[in-house]
Amino acid sequence: MDTIQPLETTDWEQWRPLWQGYLDFYRAELAEATTEATFARLCDAGEDAMFGFLAINAAGAGQGLVHCVVHASTWSRRPSCYLEDLFVAPGTRGSGLGRALIERAKAAADERGAHHLYWHTQQYNGRARSLYDQVARPTSFVVYEM
């Protein structure tokens, strides 16, 4: 099994290709300055609102990532934790790494006092949704953006 560790500034070379794979999957483009700022915030131990983990194999290659945002909630005195990004390298899918990354994110959310971990995904992401249906429950909420 891969090692899942908190993101550190020395992880850029392993993290960056995974981040690009994630962006490519969703057909998204970000300015490089945004990518660099995101990585810096995810690695900043003083940044309470964001955190991330990187899965690496025995050879030191990045295999997966998970990023979360902790935020206040009007529904609880405890914060909520939004799992914003989850990506597993194509060659590693089906190995249980996605589940392990979600479980590590949940543990970190609990450590930060969050009352729950939540996320959303595209309707067409059937492979991921089959995992999500095993580890969490879907809600009836629909996401709107402006």
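The relative contact order of segment 1-91 comes to 31 percent, based on Cα pairs under 8 Å that sit 6 or more residues apart. Please work out which option in [x] 9.5; [y] 8.3; [z] 8.8 gives mean projected area of the Cα convex hull in nm² calculated from these coordinates, and answer with its label. Among [x] 9.5; [y] 8.3; [z] 8.8, the one derived from this structure is [x].
To put it simply, the accessible area of segment 103-146 at a 1.4 Å probe is 51 percent carbon and sulfur.
Rolling a 1.4 angstrom probe over the protein heavy atoms with all chains in place gives segment 37-100 an accessible area of 48 Å² per residue. Its residue count N sets the reference 2.2 N^0.38 Å, and the alpha-carbon radius of gyration of segment 16-65 equals 1.23 times that reference. What net charge do the residues around residue 5 carry, taking every other residue with its C-beta under 12 Å from that of residue 5, with Lys and Arg at +1 and Asp and Glu at -1? Charge balance near residue 5 sits at -2. Residues in segment 1-17, backbone N under 15 Å from the label point at residue 36 (7 Å along the Cα-to-beta-carbon vector): list them, ranges by number please. In segment 1-17, the label zone of residue 36 (backbone N under 15 Å from the point 7 Å along Cα→Cβ) covers 12-13, 16.
Could you check how much of the accessible area of segment 1-57 is carbon and sulfur, as a whole percent, using a 1.4 Å probe? Result for segment 1-57: 50 percent of the exposed heavy-atom area is carbon or sulfur.
A Förster radius of 22 Å combined with the Cβ-Cβ distance from residue 72 to residue 28 puts the calculated FRET efficiency at roughly 0.25. Distance between the pseudo-spin-label points of residue 146 and residue 61 (7 Å out from Cα toward the beta carbon): 4.6 nm.
The values are calculated or read from the model by the stated rules, or taken from the named source; none is laboratory data. Just so it is clear, the structure is predicted and the values come from calculations on it, not from any experiment. Note: ideal-geometry Cβ built from the backbone for every residue, glycine included; neighbour counts use all protein chains shown. Just so you know, the surface numbers come from the protein's heavy atoms only, side chains and all, with ligands and any DNA or RNA stripped out. Shrake-Rupley method; radii C 1.70, N 1.55, O 1.52, S 1.80 Å.
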